[in-house]
Structure formats: structure tokens, C-alpha cells
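*Asks:* Questions regarding the structure given below will be posed in turn.
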Ligand code: ZN
């Protein structure tokens with residue numbers, strides 16, 4: 001499917017996702033002003049080729065949709081090799097790979113090909129044809145909303161504008177789709193919004209059309225490049241210490257695997273838009289090897305072989321663990337704060353039986369009791385105790401079951417107040 005920032009490739013892709021999740025498709029007319037931008041004309045391509053004097057397709061869109069520079073204006077004429085070369089893009093350092101090029105906001109046409117292919121072109125006349133339309137239409141994006149107990153939202157976003165590239169960003173489109181599919185049957189504490197939109201202009205368009213609702217986003221993740229064999233890499237939100245930043249860091253820290261956590265920078269994917277100062281949303285970015293840092297990036301070598309099932313599965317499991325932290329990160333008040341409560345009498349201590357493997361549980365109970373003064377969340381406690389969040393969460397559940405904790409309402413600004 002020849003995806004771009006607009007056009008039928010995006011619509012066809014969203015239709016595939018609709019087989020898996022309840023996805024609403026939105027169409028925004030070309031020319032719609034969106035903050036400092038304007039929704040562009042819609043681009044659709046049917047065919048493209050370069051033919052030599054013998055009438056052979058020496059560059060053929062039907063072999064790879066990467067052969068045409070995305071958003072190329074239509075062209076059909078005969079040119080010399082010299083003139084053709086001004087419109088050809090190759091990667092001399094990677095002579096077998098086709099580069100991925102775009103020209104969204106400057107009217108131009110071009111072909112991309114392997115450097116080896118270029119070196120085989122002989123002097124002579126060539127027929128170039130790009131059977132495309134660039135005309136008023138729509139920008140298309142998809143959204144899947146899963147209502148939870150609270151209107152507060154977790155936003156998950158993946159860009160959907162790249163043609164036949166796999167890690168960037170079909171891996172994230174697939175991951176987001178399966179996350180939505182698996183979360184859907186169970187009502188969560190948070191509502192979840194999965195956004196599948198073209199990079200930059202799609203995120204800007206969504207933000208512009210939903211400015212009034214954006215404050216509901218409590219946590220967010222931009223997913224990109226989540227299927228390669230590299231280790232997981234998290235880029236913090238612009239805020240740097242948002243709950244999502246801490247939740248992802250916590251999960252990665254306790255994963256037992258190599259990982260990177262880096263600070264926000266105004267370069268990358270749609271975290272740039274969500275974290276722009278006018279919004280400053282708590283949205284981080286989860287990747288494996290980030291875009292631009294692997295040689296296959298934006299080339300035909302970013303294909304199905306480059307993406308590993310086990311890496312995709314690990315990215316999926318990590319997202320689920322992060323959601324578990326967000327869902328379970330509540331704040332409690334110890335209802336028996338004067339001295340330790342007698343755990344043995346409640347079956348919380350006797351069960352431990354002095355076995356080394358289970359002492360962790362006891363320690364978790366003590367940490368939760370000690371720090372649950374209504375001002376610290378379970379994630380705060382997990383960080384302080386240097387224990388896994390799920391261990392702390394299980395301890396809190398056990399204490400709740402014995403009436404030793406009371407839940408504290410926490411406002412969206414993170415200030416706790418005891419229930420009246
Ligand atoms: Zn890209």
C-alpha cells in the first residue's frame with residue numbers, strides 16, 4: 001500500500017486496521033487551516049515508470065512503491081539521461097538499497113532507485129511517467145477510543161504516512177492495533193485513545209481539531225520503530241518527570257534487559273507536536289532503535305526481514321507493563337499508622353513462613369504501610385523501595401483486602417487529598 005500523508009494508501013491501511021479494532025476514520029478537507037499549517041492537497045498514485053528506448057520499464061513503481069518520491073507531481077514526457085538524473089535519488093554508500101524520499105511541501109517529481117540500478121542506465125532518451133493526482137481532497141486519520149472508568153485518557157499515537165517501510169512505522173501501527181485489541185474487552189481505569197495519523201501534519205491537525213479535549217490526556221506514548229532487534233529506548237516527555245516518564249523508566253529498569261532512557265529533544269516523531277509548549281502534554285516516545293540511527297532507516301532495507309517477531313512481542317509486553325503501572329498507580333492512606341499493624345493476626349505475616357523467596361512480599365507490605373500517608377503513590381513507593389511495581393501493587397491489594405488502606409483521591413495535578 002502506497003501510504004503518504006494523504007490519499008488512498010492511508011485509507012486502505014485504516015480499513016485493514018478496522019478488521020481488528022473499532023476505528024473511526026476522519027477526513028479533513030484540503031485547505032483547512034490547522035494552527036500554522038494548512039491541510040495539503042490529496043496525493044494519489046496509480047502507476048509510475050521510467051522506460052528506456054526499447055520500451056522496458058527500467059524503474060517500475062509496480063516493483064516497489066519506494067521508487068517514486070512521495071507527493072511527486074504528475075509528469076509524462078521524454079527526457080535525456082542528463083535531465084532524468086536531476087530527478088533521481090540513490091544511496092551510493094548502500095548501492096543495493098532504494099531510498100525513501102518525499103517532497104510534501106515543494107512541488108517536484110522524482111524517482112528513487114538503487115545506486116547499482118543507476119549505474120546501469122545508458123545514454124539516451126527515457127520516457128518518464130508518474131500517473132498521479134495532487135488535488136483538493138482530504139487528509140485521513142483513524143482514531144480508536146476505548147472508554148474507561150475515568151474520562152482521563154492515555155494517548156497512544158503511531159504515524160501512518162510511510163509506504164513500504166516496516167520498522168518505520170508499520171511496526172508501531174501493528175503494535176498500537178494489537179494493544180487496542182487486547183485492552184478493549186476489559187474496562188480500564190483510564191480511557192485509551194489510539195491515533196493513527198500521518199506524521200507532523202496529522203498530529204497537528206488532530207491537536208487543532210481537539211484542542212478543547214487535549215487536557216484529558218494524562219499520559220501518552222508515541223510509538224515508532226518498535227520491531228527491530230535493538231534494545232528498547234525511551235525518550236522522555238518535554239516535562240521530563242511526568243508519570244509516563246517514570247512509569248516507562250521503572251518498567252525498563254526492572255526488565256533485566258539493556259535499554260536507554262533519554263531526555264526530550266525537539267526532534268523526532270510526533271512527540272514534537274504533543275510536547276510543543278502550547279500543549280506540553282505528558283507524552284514520551286517508545287522505540288527500539290530510534291529513527292535515523294540504523295542504516296536501514298528510510299530505505300528499502302527496512303523491510304519484513306528487518307523486523308523481528310520477538311522484538312515486536314517484547315515491545316508489546318513492555319507497553320502492557322507500562323499500562324499496568326498507570327492503571328495501578330493509586331495513592332493510599334495507612335488506616336493504622338500508629339505503630340505497625342499486626343500483620344500475623346490478619347494472615348499477612350504468617351503466610352510468609354520465613355521462606356527467602358517470599359520475604360520480598362513482606363518487605364513490600366512494610367514499604368506500602370510506611371509510605372502510604374496520602375501523599376505518595378504506589379509508583380513513588382516502588383521507586384523508593386527499589387522493588388517491582390507489581391510486587392508493590394500486590395502488597396497494596398493484600399492490605400486493602402484487610403482494610404488497612406484507604407484510597408486517596410488524587411487530582412490531575414498530582415495533589416492528593418483524603419476523601420471527606
Ligand atoms: Zn520515517
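Condition check ((1) in the same structural domain as residue 22 (by TED's automatic domain parsing); (2) more than 21 Å from residue 195 (Cβ to Cβ); (3) part of a loop (DSSP other than H, G, I, E, B)) across all residues:
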{"position": "73", "(1), (2), (3)": "no, yes, yes"}
{"position": "91", "(1), (2), (3)": "no, yes, yes"}
{"position": "118", "(1), (2), (3)": "no, yes, no"}
{"position": "144", "(1), (2), (3)": "yes, no, no"}
{"position": "163", "(1), (2), (3)": "yes, no, yes"}
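*Asks:* Is it true that residue 85 is over 21 Å from residue 11 (Cα atoms) and at pLDDT below 95?
*Replies:* No.
*Asks:* Okay, next question. If you go through region 296-324, how many residues are assigned to a loop (DSSP other than H, G, I, E, B) and either within 14 Å of the ligand (Cβ to nearest atom) or in contact with a helix residue (DSSP H, G or I) (Cβ under 7 Å, 6 or more places away or on another chain) (or both)?
*Replies:* So the answer is 10.
*Asks:* Going by the conditions given, is residue 285 within 16 Å of the ligand (Cβ to nearest atom) and in contact (Cβ under 8 Å) with a residue 24 or more places away in the chain?
*Replies:* It is true that residue 285 is within 16 Å of the ligand (Cβ to nearest atom) and in contact (Cβ under 8 Å) with a residue 24 or more places away in the chain.
*Asks:* Also, I was wondering about something else. Considering region 198-230 alone, what residues qualify as being under 30 Å from residue 302 (Cα atoms) and either part of a loop (DSSP other than H, G, I, E, B) or without any contact (Cβ under 8 Å) to a residue 60 or more places away in the chain (or both)?
*Replies:* Those that are under 30 Å from residue 302 (Cα atoms) and either part of a loop (DSSP other than H, G, I, E, B) or without any contact (Cβ under 8 Å) to a residue 60 or more places away in the chain (or both): 198, 199, 200, 224, 225, 226, 227, 228, 229, 230.
*Asks:* Kindly provide the set of residues from region 39-60 that are free of Cβ contacts under 8 Å to residues at least 60 places away in the same chain and touching a helix residue (DSSP H, G or I) at 6+ places or on another chain (Cβ under 9 Å), ordered by number.
*Replies:* Those that are free of Cβ contacts under 8 Å to residues at least 60 places away in the same chain and touching a helix residue (DSSP H, G or I) at 6+ places or on another chain (Cβ under 9 Å): 59, 60.
*Asks:* State the number of residues belonging to region 252-275 that are touching a strand residue (DSSP E or B) at 6+ places or on another chain (Cβ under 9 Å) and away from the ligand (no atom under 16 Å from the Cβ).
*Replies:* 14
*Asks:* Output the residue which, of all residues in region 3-21 that are touching a strand residue (DSSP E or B) at 6+ places or on another chain (Cβ under 6 Å) and at negative phi, is surrounded by the fewest Cβ atoms within 10 Å (Cβ to Cβ).
*Replies:* 11
*Asks:* Look through 233, 237 and report the one residue that is in the same structural domain as residue 215 (by TED's automatic domain parsing), within 20 Å of residue 325 (Cβ to Cβ), part of a loop (DSSP other than H, G, I, E, B) and free of Cβ contacts under 8 Å to residues at least 60 places away in the same chain.
*Replies:* Answer to the check: 237.
*Asks:* I need every pair where a residue in region 160-182 that is closer than 15 Å to residue 221 by Cβ has its Cβ under 9 Å from the Cβ of a residue that is within 16 Å of the ligand (Cβ to nearest atom) and at pLDDT below 95, sequence separation at least 6 or different chains.
*Replies:* Pairs that qualify, where the first residue is closer than 15 Å to residue 221 by Cβ and the partner is within 16 Å of the ligand (Cβ to nearest atom) and at pLDDT below 95, are 169/291.
*Asks:* Given 350, 292, which one is surrounded by fewer than 16 Cβ atoms within 10 Å (Cβ to Cβ), farther than 25 Å from residue 191 by Cα, within 16 Å of the ligand (Cβ to nearest atom) and modelled with pLDDT under 95?
*Replies:* From the options 350, 292, the qualifying one is 292.
*Asks:* Test residue 77 against the stated conditions and say whether it is modelled with pLDDT of 95 or more and either within 16 Å of the ligand (Cβ to nearest atom) or in a loop (DSSP other than H, G, I, E, B) (or both).
*Replies:* no
The values are calculated or read from the model by the stated rules, or taken from the named source; none is laboratory data. No experiment lies behind these values; they were computed from the predicted model shown. When we count neighbours, we look across all protein chains shown, and the Cβ atoms used for this are built from the backbone with ideal geometry, even at glycine.
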